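Colleague: Quick one: this structure, given as structure tokens, is what I'll be asking you about.
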Amino acid sequence: MQEIKKPKRDFLFIDESGDPGTSTDYFIMGLIHITDLSFKKLNIHLGAFRYFGEIKNELKSTRLNKIQKEKLLDILNFSIDKNNFVTASAVYVNKNDYQGNYLKENEKYSIDSTKFRHFMMRRLLEFHFENNEAQSNEIELIIDRFHSTENKEQQMRNYLRNETFYNMPKFLHITQADSRYVELLQIADWISGSVKEKFFVRPEENYDNLFSHIKTKKIIT
């Protein structure tokens with residue numbers, strides 16, 4: 001009997017759509033969660049997708065046409081059907097309905113787009129780990145490069161490592177990276193962009209195939 005390999009590390013890639021301030025009526029954060037084993041197989045399919053599709057730019061959701069989005073969904077379907085660990089989650093805010101902190105001035109908190117972004121990231125991770133388990137004892141979090149200063153980046157790390165948050169694992173590494181050279185961050189962008197399409201841009205379209213794989217939650221408070 002062939003021995004089943006166990007993953008040595010989990011990887012979570014996070015990207016966003018919309019503005020954490022007031023420029024858009026929505027804010028979305030999406031993630032894709034894989035392991036070192038599923039990464040190897042997923043990477044082969046993404047490489048073939050780029051090569052045969054002659055895609056040289058980033059896989060940004062705003063740049064992908066309908067056929068390219070369908071091909072990415074095929075890759076996601078294939079990866080999951082082959083029992084690789086690949087899963088995705090997203091949380092979103094409609095700012096017209098949002099009653100929580102940091103977007104509007106209230107008695108307790110002032111407007112703060114940085115804290116709001118960190119809050120949404122925490123809610124995304126809590127929601128994700130309510131529905132999914134880590135596959136190893138080493139979990140690495142890779143986030144699109146939102147912060148340009150080391151101070152804000154450290155604030156983010158300290159916040160996400162706060163032990164008072166329930167259902168949050170301990171992260172071995174929390175890293176910011178530029179999505180231009182991290183392809184899985186581009187996939188996280190596609191996920192958050194798909195949530196934007198479904199709930200804010202083209203809600204009349206049928207997204208059932210994709211959203212059978214992406215668990216979503218609307219954040220109100």
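Where a number appears in this text, it was derived from the coordinates with a stated rule and is not lab data. No experiment lies behind these values; they were computed from the predicted model shown. Ideal geometry is used to build each Cβ from the backbone, glycine not excepted, and the neighbour counts take in all protein chains shown.
Colleague: With volume of the Cα convex hull per residue in Å³ as the read-out, I listed (1) 124; (2) 134; (3) 198; which label goes with the value calculated from this structure?
Modeller: Evaluating volume of the Cα convex hull per residue in Å³ on these atoms matches (2).
Colleague: Oh, and also: List the GluC sites (Glu not before Pro) within segment 56-154 that fall in a DSSP loop (any state other than H, G, I, E or B) and whose Cβ has at most 13 other Cβ atoms within 10 Å. Please report the intermediate quantities before stating the final value.
Modeller: Numbers: sites: GLU58, GLU70, GLU105, GLU107, GLU126, GLU130, GLU133, GLU138, GLU140, GLU150, GLU153; in loops: GLU58, GLU105, GLU107, GLU133, GLU138.
When the GluC sites (Glu not before Pro) of segment 56-154 are filtered for loop state and at most 13 Cβ neighbours within 10 Å, GLU105, GLU107, GLU133 remain.
Colleague: While we're looking at this one, here's another question. Treating only the Cβ atoms of Lys and Arg (+1) and Asp and Glu (-1) as charged, compute the dipole magnitude of the chain about its Cα centre; round to the nearest 20 debye. Before the final figure, lay out each step's value.
Modeller: On the way: 33 positive and 32 negative charges, 46 e Å.
The dipole of the chain has a size of about 220 debye.
Colleague: Helix-derived [θ] at 222 nm for the chain: sum -39500 (n - 2.57) over DSSP H runs of at least 4, divide by residue count, nearest 500? Present the calculation step by step, with values, prior to reporting the outcome.
Modeller: Values: 6 runs with 82 residues, N = 221.
Counting only the DSSP helices, I get -12000 deg cm²/dmol.
Colleague: Report, ordered by chain and residue number, the aspartates and glutamates lying within cross-link reach of LYS115, taken as a straight Cα distance under 17 Å and ignoring same-chain residues fewer than 8 apart.
Modeller: Counting by Cα, and skipping residues close in sequence, LYS115 has these aspartates and glutamates nearby: ASP15, GLU16, ASP19, GLU105, GLU107, GLU126, ASP144, GLU150, GLU153.
Colleague: In degrees from 0 to 90, rounded to the nearest 10, what is the angle of the helix 36-53 Cα long axis to the longest principal axis of the chain?
Modeller: For 36-53 against the chain, the angle is about 80 degrees.
Colleague: Just to confirm the number: angle between the C-alpha axis of helix 183-196 and the first principal axis of the chain, 0 to 90 degrees, nearest 10?
Modeller: 60
Colleague: Right, here's the next one. Roughly how many nanometres apart are two label points built 7 Å out from the Cα toward the Cβ at TYR109 and ALA177?
Modeller: According to this spin-label approximation, the distance is 2.9 nm.
Colleague: Now for a separate question. Say the cut-off is 24 Å between C-alpha atoms; which of LYS69/LYS217; LYS66/LYS196; LYS60/LYS170; LYS95/LYS215; LYS69/LYS196 go over it?
Modeller: From LYS69/LYS217; LYS66/LYS196; LYS60/LYS170; LYS95/LYS215; LYS69/LYS196, over 24 Å: LYS60/LYS170.
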